[in-house]
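Here's the structure we're looking at; comments come further down.
The values are calculated or read from the model by the stated rules, or taken from the named source; none is laboratory data. Only a predicted model underlies this, so the values are computations on that prediction, with no experimental measurement involved. Cβ atoms come from the backbone with ideal geometry, glycine included; neighbour counts cover every protein chain shown.
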Amino acid sequence: MFNKASKGSLFPYTIWIAFFVIAPIALIVYYSMLDLNGNFTFNNYKAFFTPVYLKMTLTSFWYAFLITLFTLIIAYPTAFLLTKTKHKHLWLMLIIIPSWINLLLKTYAFIGIFGLYGPVNAFIEVFGLESKQILFTDFSFIFVSVYIFIPFMIIPIFNSLDKLNPTLVYAARDLGASSFTTFRRVIFPLTIDGVKSGIQVTFIPALSLFMITRLIAGNKVITLGTAIEQQFLVSQNWGMGSTIAVFLIIIMVVIMLLTGQKKGGRA
Amino acid sequence: MKKLSTASKLYLVLVFVVLYAPIFYLIFYSFNSGGNMNHFESFTLEHYQAVFADSRLIIILINTVIVALLSGFLATLIGTFGAIGIVSIRNKKMRNTLLSLNNVLIVSPDVVIGASFLILFTLIGIKLGFTSVLISHVAFSIPIVVLMVLPKLLAMNTTLIDAALDLGATKRQVLTRVILPYIQPGIFAGFFLAMTYSLDDFAVTFFVTGNGFSTLSVEIYSMARAGISLTVNAISGLVFLVTILVVIGYYFVTNRSKHVSKEVQR
């Protein structure tokens, strides 16, 4: 196709792959088998399979699952209705803009909104209820995460709905399917790829985001990401941190395989 | 197409309100003379003045922009030539392997990228600071540039290259006069995305930045951990303004390049 000489242009790119794709993964695996003094050991793996870490992994999973579920429940109808609007691409643009505002700024906003004297508590007081601390609870953590991930879930679903041929829907309706049956048997199966990419871009970060847990959930909610950050930057135990990272990578690969698509249909 | 029902419209409005409320909440209180985000006292610009008077903050802002521009440029350079190289590979297996390796950093969690780069830099002996942050930003931006450029290259008709070669163009001329102009929209999109990745990144930078160097995201994090400071609100106001300007700019640029490519095709 292209001439052979252009293979020389691959040189910096392959260097990048060697140093920043393959080497880092190898280093993580290597460090996971080192103890604090740099001796070879499997103790980190043994430690990971103790109740403390297993429980943390399970709760992290549970939170990520809830976050993904709520995000999907809100995002799918939004994407669906967006495709029905007149200037759909303009509206989609307006959905995307908030995702470009720095994530930390949005998280910071919720420190104020959920604060003891913040607007949400002021609203609760109007109904004669006592104001209470919403920050540093599971609820605030899940709410903020869902808020952050909604645009990322909407985009792939919107794209797959947009590609859907409307005549298929008309055909289903003509053949007597109710709107619910049409959705369940035609629309949803044909847009499952978009849903899968949406789950990918939500679930994996939900396992690993540590700034939201730090800022919003205090130290109450610990996710895999928070644990890695803690081991690397606070406890300085790179071995244990790497071990958790190895498991995070394994989980990631499993999710990629589960939600993988035959054709590389990235939005 | 049917018109949307009132309930549907209400739902969409609600989603938009929830998406934008926190952002406008931040900006609203950035003009508050009281020191909190609960009670609006009176209008003031003092928090904006505080941002511009804080030379440390300004330096961090400049650092962030420099890292974004520089890493965007370098990633675009390496990524574009990488994509051209990938297309030139005939062996299908090797090509697919490279493409899968390309996507590893896109799907990897930030924490894992940050942690592994920290190990890498410590082992190689690169001092944590500007260099390590710049290198990491280049590293995680390259794959996105490749993904933006690749479709343009694949859509390109190879007879164009054959024609240029038949007409006596050198390989260099083929590259600069035929290939690069053709894939230009992909290159621009790649550069633009690489920059937004860099500006947005917190987790990777947080791991590989040393004590002396900081970017805006990392600085906001440490300020937010210390509690509420309306300087952060003023920063949000500025960030939002810049984002809107960039969106409008990008909209016009892509619209123009669409027109141009349509005319070329005619």
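Residues in segment A:73-90 that are modelled with pLDDT under 90 and part of a helix (DSSP H, G or I): A:Lys88, A:His89, A:Leu90. A residue that is modelled with pLDDT under 95, assigned to a loop (DSSP other than H, G, I, E, B), within 11 Å of another protein chain (Cβ to nearest Cβ) and under 14 Å from A:Lys196 (Cα atoms) cannot be found anywhere in segment A:241-258. Within segment A:185-201, residues that are without any contact (Cβ under 8 Å) to a residue 24 or more places away in the chain sit with their Cβ atoms under 6 Å from residues that are assigned to a helix (DSSP H, G or I) and among the hydrophobic types (A, V, I, L, M, F, W, C), at 6+ positions apart or across chains, in these pairs: A:Val186/A:Leu168; A:Val186/A:Ala172.
A:Leu104: at the interface with another protein chain (Cβ under 10 Å from one of its Cβ atoms) and of a type in the set (A, V, I, L, M, F, W, C), yes or no?
Answer is yes for this residue.
Filtered by the rule that a residue be within 8 Å of chain A (Cβ to nearest Cβ) and surrounded by 13 or more Cβ atoms within 10 Å (Cβ to Cβ), segment B:116-134 gives B:Ser116, B:Phe117, B:Leu118, B:Ile119, B:Leu120. In this structure, is A:Leu168 in contact (Cβ under 8 Å) with a residue 12 or more places away in the chain, surrounded by 14 or more Cβ atoms within 10 Å (Cβ to Cβ) and either hydrophobic (A, V, I, L, M, F, W, C) or within 27 Å of A:Pro77 (Cα to Cα) (or both)? No; evaluated as a whole, the condition is false for this residue. Contact map, segment B:67-86: first residue more than 9 Å from B:Ile142 (Cα to Cα), second residue among the charged types (D, E, K, R), Cβ cut-off under 9 Å, separation 6 or more or different chains; pairs are B:Ala83/B:Lys152; B:Gly85/A:Lys7; B:Ile86/B:Arg95. Of the helices (runs of 4 or more DSSP H) lying entirely inside segment B:87-156, those containing at least 1 residues that are more than 14 Å from A:Tyr13 (Cβ to Cβ) and in contact with a Leu (Cβ under 6 Å, 6 or more places away or on another chain) are B:110-124, B:130-155. Quick check on B:Phe240: is it out of contact with any Gly (no Cβ under 8 Å at 6 or more places or on another chain) and either without any contact (Cβ under 8 Å) to a residue 12 or more places away in the chain or within 9 Å of chain A (Cβ to nearest Cβ) (or both)? Taking the combined requirement at face value, the residue satisfies it. You will find that of B:Phe40, B:Phe52, B:Phe28, B:Phe16, the residue that is modelled with pLDDT under 90, of a type in the set (Phe, Trp, Tyr) and over 26 Å from A:Val21 (Cα atoms) is B:Phe40 and no other. From the list B:Phe202, B:Phe188, B:Phe207, the lone residue that is at the interface with another protein chain (Cβ under 10 Å from one of its Cβ atoms), under 15 Å from the mean Cα position of the chain (by Cα) and among the aromatic types (Phe, Trp, Tyr) is B:Phe202.
In segment A:55-78, the residue that is surrounded by the most Cβ atoms within 10 Å (Cβ to Cβ) out of those that are more than 10 Å from every other protein chain (Cβ to nearest Cβ) and closer than 19 Å to A:Ile155 by Cα is A:Thr71. Can you pull out every residue in segment B:135-176 that is among the hydroxyl-bearing types (Ser, Thr, Tyr) and crowded, with 18+ Cβ neighbours inside 10 Å? The answer is B:Ser136, B:Ser141. A:Trp238 meets each of the listed conditions (1) at the interface with another protein chain (Cβ under 10 Å from one of its Cβ atoms); (2) surrounded by fewer than 21 Cβ atoms within 10 Å (Cβ to Cβ); (3) closer than 30 Å to A:Met33 by Cα apart from (2). Scanning segment B:18-28 for residues that are over 19 Å from B:Ala224 (Cα atoms) and either in contact with a strand residue (DSSP E or B) (Cβ under 8 Å, 6 or more places away or on another chain) or surrounded by 19 or more Cβ atoms within 10 Å (Cβ to Cβ) (or both) turns up just one, B:Leu19.
Within segment B:21-42, residues that are without any contact (Cβ under 8 Å) to a residue 24 or more places away in the chain reach partners that are in a loop (DSSP other than H, G, I, E, B) and buried (at least 17 other Cβ atoms within 10 Å of the Cβ) with beta carbons closer than 8 Å, at six or more positions or on different chains, in the pairs B:Tyr25/B:Met37; B:Asn38/A:Gly115; B:Asn38/A:Gly118.
The set of residues in segment B:29-53 that are aromatic (Phe, Trp, Tyr), out of contact with any strand residue (DSSP E or B) (no Cβ under 6 Å at 6 or more places or on another chain) and surrounded by fewer than 14 Cβ atoms within 10 Å (Cβ to Cβ) comprises B:Phe43, B:Phe52. Is there a residue being more than 12 Å from chain B (Cβ to nearest Cβ), among the basic types (Lys, Arg) and either within 18 Å of the chain's Cα centre (by Cα) or crowded, with 16+ Cβ neighbours inside 10 Å (or both) anywhere in segment A:194-203? Looking for residues that are more than 12 Å from chain B (Cβ to nearest Cβ), among the basic types (Lys, Arg) and either within 18 Å of the chain's Cα centre (by Cα) or crowded, with 16+ Cβ neighbours inside 10 Å (or both), one finds at least one in segment A:194-203, hence yes.
Considering each residue of segment A:210-226 in turn, at least one proves to be modelled with pLDDT under 90, within 8 Å of chain B (Cβ to nearest Cβ) and assigned to a loop (DSSP other than H, G, I, E, B).
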